[in-house]
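The values are calculated or read from the model by the stated rules, or taken from the named source; none is laboratory data. Computed from a prediction, not measured in an experiment: that's the story for all the values here. Here the Cβ positions follow ideal geometry from the backbone for every residue, glycine too, while neighbour counts run over all protein chains shown.
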Amino acid sequence: MAYTRARVVEQISASADRVFGEIGAFNNLTVIMAGTITRSTLDKKGVVRTLKVKGVKGALDETLLKYDVATRVQVYRITADPDNMCPFEDYTATIRVKPITSRRSEVQWTSRFVPKRGKTRAECLEFVEHIYRTGIAGTREVLGVKK
């Protein structure tokens, strides 16, 4: 099984702590992806989120594997895709926010996955990179900053 890797790296004109406070918060997708993610609920332990995507029936479950405020890292994995929303499987992603200056940071959103049978690597990359760019743009909007 060969993994495909995706990577989107963009800068945001805000401190790394402020950026991670928005993009790194595990249950904040309805805020930074308003209009795309219509509902996000957490289980009682706060480690499994169930996402409802606009225009898609069903939901998607993701499990938080690592959350480290000190290093500004979040790692999560899709654990249930019962409605076949994603064109891939065995998906794990990492969001990392690094300071560039006290008022500028870099977001690195990366993942690895296996395209499902009948799906191409290019289709999968387009799908995930669009999600990452939407989340980063939404983070900028919430923070009230430009690139």
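Worth pointing out:
- Top-ranked residue in the range 1-31 [being polar (S, T, N, Q) and in a strand (DSSP E or B); ranked as surrounded by the most Cβ atoms within 10 Å (Cβ to Cβ)]: T4
- Selection status of T110, closer than 16 Å to F26 by Cα, among the polar types (S, T, N, Q), touching a helix residue (DSSP H, G or I) at 6+ places or on another chain (Cβ under 7 Å) and in contact (Cβ under 8 Å) with a residue 12 or more places away in the chain: no
- On the stretch given as the range 32-68, residues that are surrounded by fewer than 18 Cβ atoms within 10 Å (Cβ to Cβ), of a type in the set (K, R) and not in a loop (DSSP other than H, G, I, E, B) total 3.
- Scanning the range 14-65 for residues that are over 15 Å from the mean Cα position of the chain (by Cα) and touching a residue at least 40 places away in the same chain (Cβ under 8 Å) yields a total of 5.
- Residue list for the range 98-136, restricted to those being among the aliphatic types (A, V, I, L, M) and exposed (fewer than 15 other Cβ atoms within 10 Å of the Cβ): I100, A122
- Among the residues making up the range 96-114, those that are closer than 16 Å to C86 by Cα and in contact with an Asp or Glu (Cβ under 7 Å, 6 or more places away or on another chain) are F113, V114.
- Evaluating T71 against the criteria (1) modelled with pLDDT of 95 or more; (2) part of a loop (DSSP other than H, G, I, E, B); (3) under 19 Å from A137 (Cβ atoms) leaves one unmet condition, (3).
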